[in-house]
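Novice: Below is a structure I'd like to ask you about.
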Amino acid sequence: MSLSISSPMARRRISIWRSERLLPYLLLAPAVVVTVVIVFMPMVQAVFTSFYDLILFRPNASKFVGFGNYGKLFSDPVFWTALWNTIIWIGLTVPLQMGLGLMTAVLLNREFPWRGLARALIIIPWALPSVVIALMWRWIYDPNTGVLNDILIYLSIVQSAVPWLADPKVAIYAIIATLTWQGFPFFAVMILAGLQGIPKSQYEAASIDGASTWRQFVHITLPGIAPVLATAGLLRVIWVANSMDVIFVMTGGGPGYATHTLPLYAFIKARQNLDFGYGTSIAVTFTIFLGAFVALYLARTMREVER
Amino acid sequence: MNKQTTVRRIITTDLPVLVIVLFAMAPFAWMILTSLTPTATLNATGVALSPIGWSLDNYFRLIEQTSFLKNMLDSLIIACGTVVVGLIVSVTAAYAFSRFRFRGRKLLMLQFLLINMFPIVLLILPLFVLMRRSSLLDTHFGLILANATVAIPFAVWMLTSYIGAIPKSLDEAAMTDGCSRLTALRKVVLPLTMPGIISTGIYIFITAWNEYLYALTLGGRNVRPVTVAIQTLIGEYQIEWGLLAAGAVVGAMPATILFLLVQRRLIGGLTQGAVKG
């Protein structure tokens, strides 16, 4: 280590200096270097690319267009459709997931014999690969042979088969239903952890005072899990906004542009049209929109770290 | 009186829970039933509901006629590689975060949290360009690197909270006994964190195994993980739901079983830390 230093005192001082000052940075170096190379460099590259008119496999034709791609966004009707879809997509999916998750958590928080089993089984949707989920629901939604239409016709809720994913008015809601199914276990599990942190004595005191179950829920349960709801909700907004794999496999953004969300539009532009310049500029714009939620979430989490 | 409360409990708790459990399980159960129905039956009368009509025909076809086993191997290599890369660089970083107070600590922690929030689409496009240039496209290593973008920040945060739960006095005691910091990390902290490291590793494995978009974009003919392979089972002219369902069931098995095995410990860690679902 320190060959040239002979006196034990000096060596000790050096090693202390090493361990207390430099060591944390040395320990962090591998992780930081790897993330800089595989995350931040590509990210910077993406911002650069978004200023270019770049069609991949025609790299020689690429030229600097400044904010040209961003200007093009505003007059692109598909961009506005995708933006609106993204808002509906997040605005419906997250509350639905949260509502169903809350209901599940409250039920799972009660005493009953097979509680452990129920908790494990409810998590299954969360563990499945999103491709499997998407294909599975495509099979369920299938207009000719899908089981959903069979059931609904059998119960006479609908008269004729509904083309769930082929009808532009219905498709996005069908996908939202799928994502709600996929995501509610996450909320259930997070909220359950929050519920178990509320002391039982509070409920006992309330029921002695004669508070109804509903009032107990509103005045004890909800305030008790509010922090969990906020954190999980923000996390989920970010996650749902980003998750495009389910849509991509279920409809590929169609019919028409009916199920395009912003990240999916960026991905499709780049993947199918190989229009990397424009695709990246959509991705960057989307990231900026999402930034507000990310900032909120980061602020919350870093406050926890302060402790 | 007691009987009455049991009946009440069944109506207000057991039944609603049962409905939710059925809702959560039904789609996958339907997939399993579909995979057990031979194609001829599926086309003629639909999914076979009774065991009389079941056969493993689709599974045999999956193994014999497609490259599914090879795709499973690809997924296994990538998932294990991601676990190794993710854990190795994260353990020391997490130790630094939980044991040292140094300048830039908060900023660096924030950085790792931030990475997890980035839209994958913003990363996937430039990664494709970079990997094409360095001919990493369609290799296991390329996909391991791509998956590490998710695994490393996740592992750093999980492990920081796990190591943080181990009393500092333990490694300080080891150091007064003459151990260096690194020896204390290796001999004292690591063994105690092992359960946390294992569940973090398993979670990385699951996410890497289930990952789809990177696999689709950065994989190719040579390296095709199961998630992409399942989708290619869609026939050219008509969707072969039986075969597809068999692929989906087999492809989902490893991650689902692992998840059920470690769910208790995993959920403890997930609910403490800041984690992407």
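Read-outs: derived from the displayed coordinates by stated rules, not from any lab. For clarity, every value in this text was computed on a predicted model and none was experimentally measured. Note that each Cβ is placed from the backbone with ideal geometry, even for glycine, and that neighbours are counted across all protein chains shown.
Novice: Eigenvalues of the Cα gyration tensor times 5, then square-rooted: what semi-axes does that give for chain A, in whole angstrom, largest first?
Specialist: 41, 37, 18
Novice: Collect residues whose amide H, placed 1.01 Å from N in the peptide plane, falls under 5 Å from the amide H of residue A:52; neighbours closer than 5 in sequence don't count.
Specialist: Residues meeting the amide H criterion: A:65.
Novice: On to the next question. Roughly how many nanometres apart are two label points built 7 Å out from the Cα toward the Cβ at residue B:177 and residue B:192?
Specialist: 1.2 nm
Novice: Same structure, new question: May I ask you to give the average projected area over all directions of the convex hull of the Cα atoms of the range B:2-55, in nm² rounded to one decimal?
Specialist: So the Cα hull casts an average projection of 5.1 nm².
Novice: Find how much the distance from residue A:103 to residue A:167 grows on full extension, using 0.36 nm per residue of separation minus their present alpha carbon separation; answer in nm with one decimal.
Specialist: 19.9 nm
Novice: Continuing with this model, one more query. Of A:209, A:275, A:167, which has the largest mean-square fluctuation in a 10 Å C-alpha GNM of chain A?
Specialist: The residue that fluctuates most here is A:209.
Novice: Shape of the range A:37-96 from its Cα gyration tensor (a ≥ b ≥ c, root eigenvalues): rounded if a/c is under 1.5, otherwise prolate when a/b > b/c, or oblate?
Specialist: Because a/c hits 1.5 or more and a/b fails to exceed b/c, the range A:37-96 counts as oblate.
Novice: Per residue of B:208-221, how many C-beta atoms from partner chains lie within 10 Å of its own C-beta, taken as a mean?
Specialist: 3
Novice: Using only alpha carbons, build the gyration tensor for the range A:253-307 and give me the equivalent ellipsoid semi-axes, biggest first, whole Å.
Specialist: 32, 13, 8
Novice: Could you state, as a whole-number percent, how many of the C-alpha pairs of chain B are farther apart than 32 Å?
Specialist: It works out to 42 percent of all Cα pairs.
Novice: What is the distance, in nm, between label points placed 7 Å from the Cα along the Cα-to-Cβ direction at residue A:208 and at residue A:144?
Specialist: 6.9 nm
Novice: Quick one: Kirkwood hydrodynamic radius for the protein assembly as shown, alpha-carbon pairs, angstrom, one decimal?
Specialist: 26.0 Å
Novice: Mark the label point 7 Å from the Cα of residue B:6 along Cα→Cβ and return the residues of the range A:96-136 whose backbone N is within less than 15 Å of it.
Specialist: Correct set: A:112-114.
Novice: Is any helix in chain B, taking whole DSSP H runs, at least 24 angstrom long along its axis by alpha carbon and on average at least 0.5 on the Kyte-Doolittle scale, and which ones?
Specialist: Within chain B the helices that satisfy the rule are B:15-36, B:68-99, B:140-164, B:190-210, B:241-272.
Novice: Arrange B:211, A:304 by Cβ neighbour counts within 10 Å, fewest through most, would you?
Specialist: A:304, B:211
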